[in-house]
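Here the structure comes first, spelled out in structure tokens, and everything after it is commentary.
Coordinate-derived values only; no laboratory data. If you're wondering where the values come from, they're calculated on a predicted model, not measured in any experiment. Every residue, glycine as well, gets a Cβ built from its backbone with ideal geometry; the counts of neighbours run over all protein chains shown.
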Amino acid sequence: MNKRLACIAAAAALAASAALAQTTTPRVPDNARGLTPLPVEQAGGALYLSAVFGADPQPVRAGLVWRVFNERAEPDGSHAIAAESREAAPGLALADGAYIVHAAYGLAAVTKRVVIAGKPVSERLVLNAGGLRIVGALGDANIPPSKLSISIFVPERGNSEAKLVLQGAKPDDVIGLPEGTYHIVSTYLEPAKPGSPAPPGLTGTPTNSIVTADLRVQAGKLTETTLRHRAATLTIKLVNAPGGEALANTVFNILTPGGDLIRELVGAFPALVLAEGEYIAVARHDEKTYQATFKVQSALDRDIEVLAKQDVAK
């Protein structure tokens with residue numbers, strides 16, 4: 001029975017959302033997806049469902065996905081969906097028989113076997129889960145969701161990023177998670193450049209502005225945290241004199257003081273987002289190389305000029 005429950009729970013996770021579940025499971029039959037429960041009065045038995053958080057007697061009122069699977073497997077090993085609902089407390093009409101009920105709240109889930117035998121059955125499932133809402137900020141302003149990518153990890157001793165459980169989460173969303181400790185990584189994104197599409201699942205290009213946090217999600221509670229980035233948008237120019245016109249056909253390399261390459265940019269005045277700190281800009285133009293050091297201050301967007309006065313390659 002435990003193996004069967006595990007199989008059905010995995011199939012439900014696959015059907016719920018590819019963004020919230022990464023698993024290899026028996027498939028759910030295509031003709032079972034999106035079924036609408038029959039009115040309760042049309043069946044000999046009815047199943048009334050509700051869920052609570054841990055010991056909290058108050059029912060979960062939003063964010064639930066219910067799936068009821070036939071306990072009996074199909075010839076291909078899958079389990080057909082008998083009913084599905086996103087209501088907080090659905091009433092489902094079911095023919096007599098044995099079923100597996102799967103309740104999902106974000107990444108948290110619970111399953112239970114029920115038997116319908118010609119009369120109403122009520123089941124209350126207990127979710128050991130809570131909610132997590134993450135807000136990104138830069139200076140005094142919140143960062144638009146399209147400019148952040150959030151990854152959530154389950155840490156282990158000596159490895160804060162031991163297991164990735166959710167990638168590409170967006171700020172302001174309430175994310176359902178099993179109770180426990182999590183490691184959060186927030187990456188600032190800048191708009192993808194023409195001809196250079198954003199990585200899969202992201203709305204922009206990752207920058208070196210990364211903020212991390214460790215926090216605990218408690219059952220029945222909403223945990224809210226603000227992750228503050230310290231970064232700015234810089235426009236890099238190669239000029240003959242301060243305030244002069246930017247020289248076209250220039251290749252810029254942005255380096256750390258230790259010489260590590262951060263980005264390579266091409267153009268007269270390319271822009272990029274950098275985390276607060278010190279950097280070196282190396283410009284190549286007409287087979288000559290120039291450089292300048294500069295500092296980035298959080299939330300201070302500005303132009304950085306490299307003077308074409310001395311070829312540093314000489």
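Using DSSP to define loop residues, name the trypsin sites (Lys or Arg not before Pro) in the stretch 135-202 whose beta-carbon has at most 12 other beta-carbon atoms within 10 Å. Numbers along the way, then the final one.
On the way: sites: 147, 157, 163; in loops: 157.
Here the sparse-neighbourhood loop sites are 157.
With only Lys, Arg, Asp and Glu charged, each at its Cβ (+1 for the first two, -1 for the last two), find how big the charge dipole of the stretch 182-314 is about the Cα centre; round to the nearest 20 debye. List each step's numbers first, then the result.
Values: 13 positive and 14 negative charges, 45 e Å.
My answer is approximately 220 debye.
As an exercise, use a Förster radius of 45 Å and the Cβ-Cβ distance of residue 73 and residue 228 to find the FRET efficiency, rounded to the nearest 0.05. Mind showing how you got there, number by number?
Details: r = 50 Å, r/R0 = 1.12.
The calculated FRET efficiency here is 0.35.
Setting aside same-chain residues fewer than 8 positions from residue 309, which aspartates and glutamates have a Cα under 17 Å from its Cα?
Filter leaves 245, 286, 287.
List the equivalent ellipsoid semi-axes of the stretch 130-229 in whole Å, largest first, each obtained as the square root of 5λ for an eigenvalue λ of the Cα gyration tensor.
Working: eigenvalues 114, 47, 28 Å².
The equivalent ellipsoid of the stretch 130-229 has semi-axes of 24, 15, 12 Å.
What list do you get for 102, 285, 229, 183 if you sort them by fewest beta carbons within 10 Å? Before the final figure, lay out each step's value.
Details: 102 27, 285 17, 229 24, 183 21.
With the fewest neighbours first, 102, 285, 229, 183 line up as 285, 183, 229, 102.
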